[in-house]
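Undergrad: Got a structure here, written out as C-alpha cells. Questions coming.
Derivation of every value follows stated rules applied to the coordinates shown; laboratory data play no part. Owing to the predicted nature of the structure, the values given are computational and were not obtained by experimental measurement.
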Amino acid sequence: MKGVQKYLEEKINEADRKNKTYEEFLCYVFKNAYDVRKENGRKNRIRNTKFPYKKYIEALVIEDLPNCAKDKLQTLCSLDFIKNEQNVYFLLLIAPQLISLVVFTKSGY
C-alpha cells in the first residue's frame, strides 16, 4: 500500500513494544493509509485546478477587506458551507474600491 511504506517498520516496532494486538495494528495501518490517500487526493484536486496562483486565507490582511467580505470570512473559515452542501463563488471587482462578493448556493443549482 502506498503511503504505508514510509512508516511501516516503525509502527511494527511500536506495536510490539506496546503489546498491541494484530487487529489493533492493522486497524491503525489501514486508517493511516486512508488518511494519507485522502490528503493526497485533496492535494491532487487543488493541483489539478491549475489556478494561476493560490491565495490562502492565512495570508489575507483582514483589515484591508471590505465589510461584506469580513462578514463572509468567518463562514469560509468554519467550512460550514461544506456541511451545508453549498457551492462558493467569488466575484472580485477592482473599481474605485475593491468590492468583494461571496455567494453561497445549494449544490446542484
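Undergrad: Checking the cross-link filter: which lysines have an alpha carbon closer than 19 Å to that of Lys18, excluding same-chain neighbours under 8 positions apart?
TA: Straight-distance partners of Lys18: Lys31.
Undergrad: Give a residue-ordered list of calculated ³J(HN,Hα) values for segment 10-19 (Karplus: 6.51 cos²θ - 1.76 cosθ + 1.60, θ = phi - 60°; whole Hz; x for Gly, Pro).
TA: The phi angles translate into 4, 6, 5, 5, 5, 4, 5, 5, 8, 6 Hz.
Undergrad: OK, next. List the extent of the Cα atoms of segment 1-61 along each of their three principal axes, largest first, rounded to whole Å.
TA: 49, 26, 16
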